[in-house]
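The values are calculated or read from the model by the stated rules, or taken from the named source; none is laboratory data. What you see is a predicted model; the values in this text were computed from it and never measured. Methodologically, a virtual Cβ is constructed for each residue, glycine included, from the backbone with ideal geometry; neighbour enumeration extends over all protein chains shown. Surface accessibility is based on the protein's heavy atoms, side chains included, excluding ligands, DNA and RNA. Shrake-Rupley method; radii C 1.70, N 1.55, O 1.52, S 1.80 Å.
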Amino acid sequence: MKTSVLLALTVQVASAFQFPFQIPFFKSSVPSSSVVTEPPATPRIAIIGAGAGGSSAAFWISKAKERFGVDVDIDVYDREEYIGGRSTIVYPYGNTSLPELELGASIFVQANKNLWRASEEFNLTRRDFRGEDYAAGIWDGEQLLLSFGGSWWDTLRILWRYGISAPRKTESFVSNMINTFLTLYSSDTPRWDNLSHLAETLGWRPLVTRTMSEHLLSQGVSEKYAHEVVEAATRVNYGQNVDKIHALEGACSMAASGSVGIKGGNFQLFEQFLRRSKANIFLKTPVHAISRKLSSTDWVVRSERGTTEYKAVILAAPFHFTNISLPTDLAELVPEQPYVHLHVTLLTTASPSMNSNYFKLPPTSEPPKMMLTTHEGARKGGKEPEFNSISYHGLVREGEWAVKIFSKKRISDEWLDKLFNSQIGWVYRKEWKAYPELPPTSSFPPVKLDDGFYYVNAFEPFISTMETETIASRNVVDLLLNEKFGIGICGAALSPSAKDEDLPFPLVQQDFVLGWDC
């Protein structure tokens, strides 16, 4: 992709960020009841949330059942009617014969070993984005700072603007981060109940305690490069600027080389995690309260289907969005996590390019089909861009292109009509809390809230991706199984030192994927 070349000279930008899909083979909600069920003969684990974290948690538990005969049943609850959380799709015009468009989590890469392996094990077809090999530009709200179409002249202009040092230093930083990230799939990777300790073990404390801008400047990367090129990536992927987002997540936003998605929608990964787990799935079944059972270490879950006792509970959804009532001492452990309120606008257009006049280009010029943005002009007193990113996503049919827009505010029909030369076909809008705000921090929510009660989404303020939810859930399941059954996903119980922050740095094992290849 030309964008790949831009951000490997300039380092890589990611496309980012799809709707409800009826899952016929999953159970829907069950008639409500206020009767407390009798404790089941077989221990049960409740998982709240059927997105990346919850579905993979059920899958990891099923691996322990399959390998070592762990005797446990799994119930998965979700208040929505579909599987996948923030990974959902829509079809232009509601026409399923047209290519689907991801509304939420759109991409993963080969370094995301759990999703990559799942796509292979589940016989799902990966698709790359080489057909969307469009020119890219960076807009500051008032002028087009840079455009790159892949020519040698474009390359020279980039090197003239930024030099060669800044791209190389940024690329080295991102590459080192990826190499460290890959140790999380090794057999000797630590299991953690404290994310601050994990940051120390992996050498990432400096990355989570300062902004991406601060870190890059400390590494000798120019401010212009950080505030233009790198910020274009953090804004398209996380809706945040480089002087606000911590450096670890900033590096993740630059690590999208070779990105792929699943043909038909990424939600199929999570659908398959659940199908293969043989869990009981309760969709459209909100959980109202989780409480301790008196004189017991067990838990009581009250939902639309009634009240049920569980040996353990995994919360795999952002706590403050669930409206679940917890005991006060537990609720106080989880600080409120702000999320980016994102407007996603999907549309189709017969216009092969955007209106050049909007970008103050000559009428004969064609604006880049991927327009990224920087906040740098606004920092200097200029106009803030009206969008985070606009990108063409290929043809939906002859003469009609799909376009995706991310913005902080609603995009009006009039604005769209002007930008796309009065050639709009279909429009679909979605507002949601797309990803957590990720400022520098030295503290994180606890992974273990209490005996038998674990919180997958404690990982989100650390790194927020589909893949890291599956890593966080693997860790949670290992801790839970060790506590309640004396065994882990890969068999051996964890010794106390296996959760210690002073563990030696784990090594990358090239073909081994923890959880899959025990």
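Which trypsin sites (Lys or Arg not before Pro) in segment 381-427 sit in a loop by DSSP (not H, G, I, E or B) and have at most 13 other Cβ atoms within 10 Å of their own Cβ? Answer by residue number: LYS383, LYS409, ARG410. Checking [x] 31, 30, 20; [y] 38, 31, 26; [z] 40, 26, 20 against semi-axes √(5λ) of the Cα gyration tensor in Å calculated from these atoms, the matching label is [z].
In terms of packing, defined here as the mean over residues of other Cβ atoms within 10 angstrom, the peptides 371-381, 86-96, 422-432 line up highest first as 371-381, 86-96, 422-432. By the Cβ distance rule (another cysteine Cβ under 4.7 Å), the unpaired cysteines of the chain are CYS252. Estimated purely from DSSP H runs of n ≥ 4, each contributing -39500 (n - 2.57), the mean residue ellipticity at 222 nm for the chain is -8000 deg cm²/dmol once divided by its residues.
How many percent of the accessible area of segment 338-475 is carbon or sulfur, using a 1.4 Å probe? List each step's numbers first, then the result.
On the way: 2450 of 5130 Å².
Carbon and sulfur atoms account for 48 percent of the accessible area of segment 338-475.
Cα centroid separation, segment 146-185 to segment 79-142: 24 Å. Where both bridge residues fall in the chain, DSSP classifies roughly 70% of the beta bridges as antiparallel.
Rolling a 1.4 Å probe over the protein heavy atoms gives the chain an accessible area of 39 Å² per residue.
Shape call for segment 188-247 from the C-alpha gyration tensor, a ≥ b ≥ c root eigenvalues: rounded (a/c under 1.5), prolate (a/b greater than b/c) or oblate? Walk me through the numbers on the way to the answer.
Working: a/c = 3.00, a/b = 1.97, b/c = 1.52.
Cα axes put segment 188-247 in the prolate bin.
Each peptide in 336-346, 57-67 receives the mean, over its residues, of other Cβ atoms within 10 Å, and ordering these scores from highest gives 57-67, 336-346. Amide H contacts of VAL334: none lie under 5 Å away among residues 5 or more positions distant or on a separate chain (H built 1.01 Å from N in the peptide plane; Pro and chain starts excluded).
Taking amide H positions as placed in the peptide plane 1.01 Å from N, state which residues far from GLY306 in sequence (5 or more) or on other chains have amide H under 5 Å from it. Distant-sequence amide H within range of GLY306: SER33. Electrostatic tally near ILE411: other residues with Cβ closer than 13 Å to its Cβ, Lys and Arg +1, Asp and Glu -1, net +2.
The accessible surface of segment 167-211, taken with every protein chain in place and a 1.4 Å probe, is 43 percent carbon and sulfur.
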